Amino acid sequence: MLHSVETLILRDGGCCVIRSAEPEDAQRMLQYMKIMLGETPFLLRTPEEFDYSIEEEARILEGRKSAPRSLMLLAEKDGQIIASADLQSHGKKSRVWHRAELGISVRKDFWHQGIGSALMERLIAFAAQCGYEQIELTVEQKNRRALNLYMKYGFTVYGTRPHGVKYPDGNYDNDYLMVKMIQ
Ligand SMILES: CC(C)(COP(=O)(O)OP(=O)(O)OC[C@H]1O[C@@H](n2cnc3c(N)ncnc32)[C@H](O)[C@@H]1OP(=O)(O)O)[C@@H](O)C(=O)NCCC(=O)NCCS
């Protein structure tokens, strides 16, 4: 699905553009993912594990654009992608048709500027508009920043998965399973 282009004023007085991702963003999206995955331990892939080709990424973005109940948003500044967030159906089967999944990331240089909040607000509004009844996500227990963001928007913890993530040093982190009821 497509979202209109908007200008977002950041907390430092600067601005960025929020818009939906297009297949033409594939190359810049790959660059964004490689950099962003290297900046946080709190996403499931390492930069090396994000190994899509430009063509594969373009196909994914085309799929998101054309799916009526899916939205991938980007934040862009000076021609660079600085954040992305997406919402899609949990699955195509009728019994899970009411459930959406959400993912979000922002480049470290732009944390705490209000971008994550702006993307969350737009995805939650889109989910309600699509008739989803709940939004679900998983977050590592140690990811306080993301946890605060999700709680700010009404997500609650409904379960804990032990040892959801294992790091190369042998340490684990648990995952919180979170849900926001929207209807
Ligand atoms: C989590 C993330 C998306 C937040 O994005 P952001 O643009 O910094 O978010 P915002 O500036 O809108 O801040 C949103 C809320 O996050 C929380 N937050 C922000 N900075 C924080 C900090 N330093 N410590 C704790 N909580 C913090 C606050 O609740 C804040 O709301 P408030 O400013 O009204 O108090 C971003 O830090 C990120 O991409 N992290 C790495 C990837 C990641 O962890 N993704 C989620 C995987 S589950």
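A short reminder: the numbers here are calculations on the coordinates, not readings from a lab. It should be emphasised that the depicted structure is a prediction, and the values quoted were computed from it without experimental measurement. Positions of Cβ are backbone-derived with ideal geometry, glycine not excepted, and every protein chain shown enters the neighbour counts.
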Subset tally (residues that are outside any strand (DSSP E or B) and within 17 Å of residue 106 (Cα to Cα)) for segment 2-17:
4
Subset of segment 100-136, residues of a type in the set (Val, Ile, Thr) and more than 6 Å from the ligand (Cβ to nearest atom), comes to 124, 135
Which of the residues spanning segment 148-183 are within 10 Å of the ligand (Cβ to nearest atom) and in contact with a strand residue (DSSP E or B) (Cβ under 6 Å, 6 or more places away or on another chain)?
150, 175, 176, 178
Search segment 152-183 for residues being more than 17 Å from the chain's Cα centre (by Cα) and of a type in the set (Asp, Glu), and hand back the single one that is surrounded by the most Cβ atoms within 10 Å (Cβ to Cβ).
173
Does residue 159 qualify as being part of a loop (DSSP other than H, G, I, E, B) and without any contact (Cβ under 8 Å) to a residue 40 or more places away in the chain?
no
Residues that are part of a strand (DSSP E or B) and either among the basic types (Lys, Arg) or surrounded by fewer than 19 Cβ atoms within 10 Å (Cβ to Cβ) (or both), drawn from segment 90-110:
99, 101, 103
Considering every residue within segment 70-77, establish whether at least one is under 14 Å from residue 3 (Cβ atoms) and not in a strand (DSSP E or B).
yes
Taking residue 126, is it within 17 Å of the chain's Cα centre (by Cα), within 30 Å of residue 171 (Cβ to Cβ) and not β-branched (Val, Ile, Thr)?
no
Being more than 13 Å from the ligand (Cβ to nearest atom), small (Gly, Ala, Ser) and in contact (Cβ under 8 Å) with a residue 24 or more places away in the chain: is that true of residue 83 here?
no
Residue that is surrounded by the fewest Cβ atoms within 10 Å (Cβ to Cβ), among those in segment 137-146 that are within 8 Å of the ligand (Cβ to nearest atom) and touching a residue at least 12 places away in the same chain (Cβ under 8 Å):
145
